[in-house]
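Visitor: Here you go, one structure.
The values are calculated or read from the model by the stated rules, or taken from the named source; none is laboratory data. Computed from a predicted model, the values in this text were never measured in an experiment. Ideal geometry is used to build each Cβ from the backbone, glycine not excepted, and the neighbour counts take in all protein chains shown. To get the accessible areas, we keep the full protein, side chains included, count just its heavy atoms, and leave off ligands, DNA and RNA. Shrake-Rupley method; radii C 1.70, N 1.55, O 1.52, S 1.80 Å.
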Amino acid sequence: MTDCLFCKIIKGDIPGNIVYRDEQATAFRDINPAAPTHILIVPNKHIDSVNMLILDDEPLIGHLITTAKVIAAQEGIAESGYRLIINTNAGAGQTVFHIHLHLLGGRQMKALG
Ligand code: 5GP
Ligand code: ZN
């Protein structure tokens, strides 16, 4: 997707504070962090949202979570704890329509509600 912000960061067309990259996924620091550690883990393949996932994407989505685990350890928050979030569509607060997993940690999280 040529007009997608996260596709541009993955390709290197726009600078991103990239902390991890492999064949399937790229992770970079959120520009407006909601916690001391706030990293976005995105598939290199463009997918708009969870609503657009197909069965073939299951290994890829699993890989995003395994990648979150690796990055949480790198960031030193594996033991203290972290939260993984995927927002889907505007009502949930999705603003960038390239599916991404938020990795949040480094502070005490409040209960969801
Ligand atoms: P969403 O609201 O779609 O779940 O998450 C989008 C996230 O992308 C937000 O937390 C927002 O701060 C972040 N974001 C928006 N534009 C940029 C950008 O240009 N660079 C980076 N690194 N993060 C961005
Ligand atoms: Zn994209």
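Visitor: Hey, what do the phi angles of segment 20-35 turn into as Karplus ³J(HN,Hα) couplings, whole Hz, using 6.51/-1.76/1.60 and θ = phi - 60°, x for Gly and Pro?
Guide: Calculated HN-Hα couplings, in order: 7, 8, 9, 5, 9, 9, 10, 10, 8, 6, 5, 5, 10, x, 9, 7 Hz.
Visitor: Suppose all protein chains stay in the model; what accessible area per residue would a 1.4 Å probe give for segment 5-105, in Å²?
Guide: 54 Å²
Visitor: Peptides 35-41, 16-22, 88-94, 68-74: what's the order by average Cβ count within 10 Å, highest mean first?
Guide: Details: 35-41: 19.9, 16-22: 14.4, 88-94: 11.6, 68-74: 16.4.
The most tightly packed comes first, giving 35-41, 68-74, 16-22, 88-94.
Visitor: Rounded to the nearest Å, what's the spacing between the alpha carbon centres of segment 4-23 and segment 62-113? Just the number, please.
Guide: 18 Å
Visitor: While we're here: Under 13 Å from the Cβ of Y82, count the other residues' Cβ atoms, weight Lys and Arg +1, Asp and Glu -1, and hand me the total.
Guide: +1
Visitor: Please give every one of the aspartates and glutamates within straight-line cross-link reach of K8, meaning a C-alpha to C-alpha distance under 17 Å, and leave out same-chain neighbours fewer than 8 residues apart.
Guide: Reachable aspartates and glutamates: D22, E23, D30, D48.
Visitor: Also, quick follow-up: Using θ = phi - 60° and the Karplus relation 6.51 cos²θ - 1.76 cosθ + 1.60, list the HN-Hα couplings for segment 99-106 in order, rounded to whole Hz, with x at every Gly or Pro.
Guide: Result, ordered by residue: 3, 8, 9, 7, 10, 10, x, x Hz.
Visitor: I've got another one for you. For the chain, give the percent of accessible area contributed by carbon and sulfur heavy atoms, probe 1.4 Å, rounded to a whole number.
Guide: 55 percent
Visitor: Still on this structure, please answer the following. Roughly what angle does helix 58-75 make with the longest principal axis of the chain, taking Cα atoms, 0 to 90 degrees, to the nearest 10?
Guide: Around 40 degrees separate the two axes.
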